1. Could you tell me which of the residues B:10, B:15, B:53, B:27 is in the same structural domain as residue B:283 (by TED's automatic domain parsing) and of a type in the set (D, E, K, R)?
2. Among the residues of segment A:159-180, which ones are without any contact (Cβ under 8 Å) to a residue 60 or more places away in the chain and under 16 Å from residue B:245 (Cβ atoms)?
3. For segment B:91-100, give me the residue count where each residue is assigned to a strand (DSSP E or B) and surrounded by fewer than 24 Cβ atoms within 10 Å (Cβ to Cβ).
4. Considering only segment B:185-212, how many residues are surrounded by fewer than 16 Cβ atoms within 10 Å (Cβ to Cβ) and either among the polar types (S, T, N, Q) or within 14 Å of chain A (Cβ to nearest Cβ) (or both)?
5. Within the group B:6, B:38, which residue is farther than 26 Å from residue B:136 by Cα, touching a Pro at 6+ places or on another chain (Cβ under 8 Å), in contact (Cβ under 8 Å) with a residue 12 or more places away in the chain and polar (S, T, N, Q)?
6. Considering only segment A:328-354, how many residues are part of a strand (DSSP E or B) and touching a Ser or Thr at 6+ places or on another chain (Cβ under 7 Å)?
7. For segment A:124-139, state whether one or more residues are within 14 Å of chain B (Cβ to nearest Cβ), buried (at least 23 other Cβ atoms within 10 Å of the Cβ) and not hydrophobic (A, V, I, L, M, F, W, C).
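The values are calculated or read from the model by the stated rules, or taken from the named source; none is laboratory data. Small disclaimer: the values here were computed from a predicted structure and weren't measured. Note: ideal-geometry Cβ built from the backbone for every residue, glycine included; neighbour counts use all protein chains shown.
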Protein chains: 2
Amino acid sequence: MADIMTRVARSASARESAVADPGGFDRWFAQCATRTHTTVERVPLDALDRWRRDPVTGDLRHDSGRYFTVHGLRVHHPEGPVPRWDQPIIDQPETGILGILVKEFDGVLHCLMQAKAEPGNSDGLQVSPTVQATRSNYTRVHQGGSVPYLDYFRNAAAQRVIVDVRQSEQGAWFYRKRNRNMVVETTDEVTVLDGFRWMTLGQVLALLGRDDVVNMDARTVLSCLPFPAGGAPALHRTADVLSWLTEARSLTDVRTERVPLNALEGWHDADGRVCHESGRFFDVIGVDVVAGGREVGRWSQPMIEPRGTGVIAVLLREFDGVPHVLLHAGAEPGYADVVELGPTVQCDPASYEVLPATARPRYLDEVLSAGKERIRFEALLSEEGGRFHHARNRYLVVDSDVPADPGHPDYRWLAVRQLTALLRHSHYLNVQARSLVACLHSVLS
Amino acid sequence: MADIMTRVARSASARESAVADPGGFDRWFAQCATRTHTTVERVPLDALDRWRRDPVTGDLRHDSGRYFTVHGLRVHHPEGPVPRWDQPIIDQPETGILGILVKEFDGVLHCLMQAKAEPGNSDGLQVSPTVQATRSNYTRVHQGGSVPYLDYFRNAAAQRVIVDVRQSEQGAWFYRKRNRNMVVETTDEVTVLDGFRWMTLGQVLALLGRDDVVNMDARTVLSCLPFPAGGAPALHRTADVLSWLTEARSLTDVRTERVPLNALEGWHDADGRVCHESGRFFDVIGVDVVAGGREVGRWSQPMIEPRGTGVIAVLLREFDGVPHVLLHAGAEPGYADVVELGPTVQCDPASYEVLPATARPRYLDEVLSAGKERIRFEALLSEEGGRFHHARNRYLVVDSDVPADPGHPDYRWLAVRQLTALLRHSHYLNVQARSLVACLHSVLS
């Protein structure tokens with residue numbers, strides 16, 4: 001473990017690569033873009049090819065029964081600021097693979113990254129993991145070749161596994177969705193296909209600061225890497241951190257029940273979408289996609305389109321020279337295990353205009369009013385472009401002087417290295433916090 | 001952490017205590033028994049006081065809506081030896097506390113253990129944790145006094161938390177039941193109430209070898225203690241162990257759906273019970289309980305009564321001087337996260353008379369035929385006496401020469417210290433494996 005931590009650190013600090021072509025990332029990325037053409041057209045949900053609304057429930061389902069469904073969820077959270085609400089949610093029970101293949105060149109680990117288009121992306125291509133595969137992709141034994149490099153992850157035990165952990169995705173939009181986050185090291189000769197590129201970890205981390213370049217799937221996989229630990233003790237013993245989370249999971253009372261999509265209180269069909277009567281939160285929309293690249297594909301699908309741009313921020317402070325971030329233990333209806341640790345702030349500020357004042361997130365104003373000198377990281381980053389349409393959030397890391405005891409039981413300062421240890425296991429850090437962990441490493445490496 | 005591991009090891013090797021009364025455990029336990037009188041009488045399910053069968057579904061529910069319900073579950077496990085079955089299951093969604101209070105006397109940690117009667121116990125009292133409390137017990141702020149010592153666990157942050165982790169219980173009989181396993185150290189003066197006794201860890205572990213003395217709740221809490229690690233490397237890197245389990249969870253396809261208790265295929269009502277037409281597996285029975293001790297209680301409840309005595313065994317082998325056990329990654333319908341690690345063998349041998357031959361557990365015959373010289377631990381131990389009636393299993397630790405690669409992907413040798421590390425987190429080891437971890441420590445300490 002010490003060995004791999006050292007190698008991760010070395011790659012994270014390498015901003016030059018001995019193997020990438022000399023033209024650099026920008027030229028490669030621009031070239032990939034010229035070979036890719038994705039058009040996305042909004043269509044009414046009722047007009048989606050091969051998707052059907054259930055005549056009784058209104059739930060959205062593919063004719064094949066595969067992919068995912070959109071149904072309704074009624075959420076009871078008696079002690080929360082909003083004790084009960086209804087919402088649509090995406091149900092996609094299968095576990096897919098998000099995998100980055102790594103290999104050492106000249107003593108430095110390189111990640112095989114992909115320039116990939118997704119229908120929900122605002123601006124075409126994003127830097128993505130080597131593989132994003134659904135369960136159907138990777139259990140179809142005889143068609144493994146259809147997703148390049150998939151066999152490295154399907155037969156991971158034949159390589160050196162660095163990361164392999166199921167992590168949750170957006171608990172507000174997905175019902176118990178988990179993906180398998182993998183990093184696998186090979187010593188094989190690897191042919192680099194069009195649209196793929198070896199990059200040092202430092203090169204990928206540096207791109208995180210550019211708007212909309214590194215996709216969510218890459219961010220979550222990168223966050224699970226064993227970045228090096230060390231230094232003075234953390235503010236809280238790990239036993240106390242685990243106890244804090246165990247208590248939150250034991251005491252938080254969130255119950256959900258599935259309800260028909262057409263019976264959701266406060267939601268209605270309008271202009272071929274499902275939207276909230278307040279005009280806030282998100283819409284369920286339909287899109288027709290034509291994707292042209294190596295292969296041409298054409299399909300239709302529902303997507304979630306948020307109405308606003310969210311703010312996802314973590315406060316950063318050193319205690320005894322050790323960087324800590326202020327995390328929030330909170331519930332989301334789609335979590336598999338009640339509560340996960342999220343960023344200090346995770347919200348769409350505009351939503352609070354229609355929610356009770358008590359729902360306004362703590363520290364939101366501190367983040368929004370932070371001067372430039374306190375902002376250590378800032379970028380507009382997208383959520384998963386396969387299910388979410390133009391879902392962009394402003395990700396921030398902000399220096400803070402919030403005291404060691406923040407004075408609220410749902411918030412606690414954790415050392416960044418404690419997050420690394422927790423990320424070996426499922427369901428501790430939510431996907432937004434994981435994105436910020438990747439951003440933190442770009443700041444701290 | 002090193003400090004607490006050392007102190008756990010010291011207590012585990014202490015078979016004498018400086019504080020316990022000189023008459024010893026047996027006299028104390030016998031005295032407790034004379035002050036406790038529990039009578040349990042079987043009654044038909046339809047005659048249970050304050051319990052009611054739903055007129056439509058036949059589900060069993062308490063009039064108050066509290067405690068638990070018994071409903072039906074249909075299980076789809078297309079790749080398993082039995083691809084589909086129906087069964088009753090207990091649904092008890094709240095997380096309770098199983099807590100052991102510890103305190104140092106003369107430099108040795110002692111556990112405050114309780115002699116506690118439960119209606120399902122075969123033989124009256126068992127040695128139990130300091131506290132077994134339901135969520136209703138511990139959230140009722142103004143009645144905390146009703147469960148002795150509960151405040152040490154409700155306000156754990158004021159003490160030193162050694163263990164605090166939610167762990168699953170029987171996934172074959174409970175639907176997603178989790179209890180909070182806690183060990184909390186105090187330096188307070190503690191008044192020892194009637195029915196409680198300070199014991200070293202070594203004294204408690206030694207009792208595990210006696211039939212039916214240490215209850216399941218005590219065993220699971222003890223298993224989560226940070227026993228010391230060290231020695232040569234384990235056979236498999238922990239990253240590979242985690243990857244193995246992640247893969248099993250990602251690929252295993254087990255789906256469950258709730259069905260009415262009166263609509264279960266193969267199950268019927270007979271003599272006031274719900275039982276399987278084969279006469280195997282288990283019955284759902286009703287009991288009237290009169291418990292006399294410090295307080296007299298009287299209540300009725302349904303219980304699960306297994307038809308046979310199970311075999312729960314783990315194979316033990318040293319690799320490079322490091323003790324390893326052969327674990328099985330398997331699915332049970334009530335697990336919260338698809339697959340957990342269980343013992344090498346966990347079954348009721350009699351059940352296999354009515355199941356396909358392919359369902360017969362690997363290594364069962366090796367365990368049943370093991371000579372005395374290979375049996376390192378053997379005892380008849382009970383499962384939770386609050387829900388299961390006379391549910392006893394023969395727990396075994398058996399020396400083995402199964403090779404490093406057992407030749408089946410669902411089985412793997414793990415170092416005992418790897419289990420200790422996994423037990424800081426939820427849902428890795430099932431409750432039977434945790435019982436065996438406690439038994440292993442009694443053998444290895």
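1. From the options B:10, B:15, B:53, B:27, the qualifying one is B:53.
2. A:161, A:164
3. 2
4. Within segment B:185-212, residues that are surrounded by fewer than 16 Cβ atoms within 10 Å (Cβ to Cβ) and either among the polar types (S, T, N, Q) or within 14 Å of chain A (Cβ to nearest Cβ) (or both) number 2.
5. B:6 is the lone residue from the list that is farther than 26 Å from residue B:136 by Cα, touching a Pro at 6+ places or on another chain (Cβ under 8 Å), in contact (Cβ under 8 Å) with a residue 12 or more places away in the chain and polar (S, T, N, Q).
6. Result for segment A:328-354: 4.
7. yes
Results for (1) touching a residue at least 24 places away in the same chain (Cβ under 8 Å); (2) among the basic types (Lys, Arg); (3) farther than 17 Å from residue B:340 by Cα; (4) away from every other protein chain (no Cβ under 14 Å), shown as yes or no for each residue.
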position	(1), (2), (3), (4)
B:376	yes, yes, yes, yes
B:384	yes, no, yes, yes
B:387	yes, yes, yes, yes
B:394	yes, yes, yes, yes
B:413	yes, no, no, yes
B:418	yes, no, no, no
B:425	yes, no, no, no
